[in-house]
Amino acid sequence: MNDEELRDYLKRFCFGREHLICSRDLVRQKNLRESDLRKKVNRLRRKAVPIASSREGYFYASNAAELYSTIRQLKEMRAGLDAAICGLEQAMETFTEPSDGGGRDR
């Protein structure tokens, strides 16, 4: 299944939150891997396709409120990633010698 086929499927069969499909069912139906599904959804969103999601699954947004809910969820995820990056950058200060990232510091 290519990106456009996924877009068309969600728009036709999963229009609005009340018709969402859980990712497990979607990957099973379309013979995809979870990681491939996430990549496809990300590419479509970058092309301004209004694919929304919740903890329960994916759907094609039918209104701005559904889309805003997804945007808020993504911003919360970004904040968590930013905090993790900040913590790791602080942890870098505990290493005494530069590392190429591939070996173990002693």
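Ordering Ser54, Gly16, Thr70 by Cα displacement along the dipole of the range 3-92 toward the positive end leaves Gly16 in first place; charges were set at the Cβ atoms of Lys, Arg (+1) and Asp, Glu (-1). As a length-normalised measure over Cα pairs under 8 Å and 6 or more apart, the relative contact order of the range 3-92 settles at 32 percent. So, R0 is 41 Å and r is the distance between the beta-carbons of Arg24 and Glu93; what FRET efficiency does that work out to, to 0.05? My answer for the efficiency is 0.50. Taking a Cβ cut-off of under 12 Å around Lys39, the surrounding Lys, Arg, Asp and Glu residues balance to a net charge of +3, with basic ones at +1 and acidic ones at -1. Sorting the segments 15-25, 71-81 by their mean number of nearby beta carbons within 10 angstrom, highest to lowest, gives 15-25, 71-81. With the simple model of a label 7 Å out from the Cα in the direction of the Cβ, Asn31 to Met1 spans 1.2 nm.
Compared with the dominant Cα axis of the chain, that is its longest principal axis, helix 34-46 is turned about 80°.
Quick note: the coordinates plus some simple rules give every number you see, no bench work behind them. Keep in mind the model is a prediction, meaning the values are calculated, not measured. Every residue, glycine among them, receives a Cβ derived from its backbone with ideal geometry; neighbour counts consider all protein chains shown.
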